[in-house]
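Values quoted throughout were computed directly from the atomic coordinates according to the rules given, and no laboratory measurement underlies them. All values reported here derive from a predicted model rather than from experimental measurement. FYI the Cβ positions are ideal-geometry reconstructions off the backbone, even for glycines, and counts take in every protein chain you see.
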Amino acid sequence: MSALAGKTALVTGASRGIGRGIAQKLAQDGAVVAVHFREDERAAEGTLRAIRDSGGRAFAIRADLGAPGGVESLYAQFDTGAARHGTGSGLDVLVNNAGVSGSARIDEVTPELFDRIFAVNTKSLVFMAQRALKRMPDGGRIINVSSAAARIAYPESCVYSMSKGAVDTFTLALAKEVGARAITVNSVRPGFVETDMNAGKRRTKEAAAELASWSVFDRLGQPSDVADIVAFLASESSRWITGQCIDASGGSRL
Ligand SMILES: NC(=O)c1ccc[n+]([C@@H]2O[C@H](COP(=O)([O-])OP(=O)(O)OC[C@H]3O[C@@H](n4cnc5c(N)ncnc54)[C@H](OP(=O)(O)O)[C@@H]3O)[C@@H](O)[C@H]2O)c1
């Protein structure tokens, strides 16, 4: 039987990049997947198509997690979509993946940049988890997509790194809070993955090679590299792991 048969999963930021890879993998493993996006409807349709073409089940949800009311709007749509797909409003697996970058060294940081990054990467994730827990049965899974930047000094994006460090701290506290319900909470820390998020940083062959060289495997990560780790954490096989930050960076800067 498929690892996630009969389960419902919600992946934020699943229209593109790592989130799309995670949504496809969880659907392949048997889950009905809520594919969340902010504005790129065409890309979200691409994720749905890829899932359905492989025999999976999914529906889309649109919400801006950096705007007031975004989390509430997202869950209202989730409940409707899940009911339509016959899965009730239960949520077995939440993957908090949506995120924004923001290159800025300390002398370039502005209050607006700080608020924008924290609103999406950190604040919304807390309230996504809070509301997920009202819908989650015992044995559920919460997986937060953090970053290797929480481990490796990256002054080029100091506020972004902070926003992910806070995610890892929240992961630890929440894991203890919900342990009695056999719910696990973990974060994964990707290194450089070939997505739109860092396209600007690898415009030339030399720049791409430099980013690849961070990994001991001397290549950029692909969304599927991260998705396979998330799928393990979403599965029953990971039941004894909680409160952990799992490196998903191909051994970057070991
Ligand atoms: N790529 C990397 O090298 C890397 C490394 C470490 C960690 N990460 C983390 O991995 C996660 C995914 O990154 P990625 O590279 O796949 O990013 P991406 O390709 O830029 O995709 C970002 C996703 O997040 C959604 N999103 C952006 N702003 C949002 C908002 N305000 N409200 C709701 N959704 C929003 C986007 O929706 P739309 O398509 O509608 O815009 C999209 O689905 C992020 O948390 C990121 O910090 C990435």
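A few points about this structure:
- Remark: pairs (first residue in segment 123-146, within 12 Å of ALA166 (Cα to Cα) and touching a residue at least 40 places away in the same chain (Cβ under 8 Å); second residue small (Gly, Ala, Ser) and within 12 Å of the ligand (Cβ to nearest atom); Cβ separation under 6 Å; 6+ apart in sequence or on different chains) = ASN144/SER187; SER146/SER187.
- Residue satisfying all of: in segment 32-50; more than 16 Å from the chain's Cα centre (by Cα) and crowded, with 20+ Cβ neighbours inside 10 Å; farthest from the ligand (Cβ to nearest atom) among these: VAL32
- Qualifying residues in segment 181-226 (those that are part of a helix (DSSP H, G or I) and polar (S, T, N, Q)) - the one farthest from VAL167 (Cα to Cα): SER224
- In segment 171-184, residue farthest from VAL100 (Cα to Cα) [restricted to those that are more than 18 Å from the chain's Cα centre (by Cα) and not aliphatic (A, V, I, L, M)]: ARG181
- Comparison of ASP196, ASP168 shows that the only residue that is charged (D, E, K, R), within 15 Å of the ligand (Cβ to nearest atom), crowded, with 17+ Cβ neighbours inside 10 Å and under 18 Å from GLY99 (Cα atoms) is ASP168.
- When segment 9-31 is filtered for residues that are more than 10 Å from the ligand (Cβ to nearest atom) and of a type in the set (A, V, I, L, M, F, W, C), the ones remaining, listed by number, are ALA9, LEU10, LEU26, ALA27, ALA31.
- Within segment 140-165, the only residue that satisfies the criterion of being in a strand (DSSP E or B), aliphatic (A, V, I, L, M) and near the ligand (Cβ under 9 Å from one of its atoms) is VAL145.
- ALA234 being touching a helix residue (DSSP H, G or I) at 6+ places or on another chain (Cβ under 9 Å), crowded, with 16+ Cβ neighbours inside 10 Å and among the small types (Gly, Ala, Ser): yes
- Exclusive hit being away from the ligand (no atom under 16 Å from the Cβ) and either more than 23 Å from VAL193 (Cα to Cα) or surrounded by fewer than 20 Cβ atoms within 10 Å (Cβ to Cβ) (or both), set ALA58, ALA76, ALA82: ALA82
- Candidate set: segment 89-117, residues that are in a loop (DSSP other than H, G, I, E, B) and among the β-branched types (Val, Ile, Thr); chosen: the one surrounded by the most Cβ atoms within 10 Å (Cβ to Cβ): VAL100
- Any pair with Cβ under 7 angstrom, 6 or more apart, that starts in segment 23-47 at a residue that is among the hydrophobic types (A, V, I, L, M, F, W, C) and ends at one that is part of a helix (DSSP H, G or I) and within 11 Å of the ligand (Cβ to nearest atom): ALA23/THR47; VAL33/ALA23; VAL35/ALA23; VAL35/ALA44; VAL35/THR47; PHE37/ALA43; PHE37/ALA44
- A count restricted to segment 204-254 and to residues that are of a type in the set (A, V, I, L, M) and either without any contact (Cβ under 8 Å) to a residue 60 or more places away in the chain or in contact with a Cys (Cβ under 8 Å, 6 or more places away or on another chain) (or both) stands at 10.
- Among residues of segment 62-85 that are without any contact (Cβ under 8 Å) to a residue 40 or more places away in the chain and aliphatic (A, V, I, L, M), those with a Cβ under 8 angstrom from a residue that is within 16 Å of the ligand (Cβ to nearest atom) and part of a loop (DSSP other than H, G, I, E, B), sequence gap 6+ or separate chain, pair up as ALA63/ARG38.
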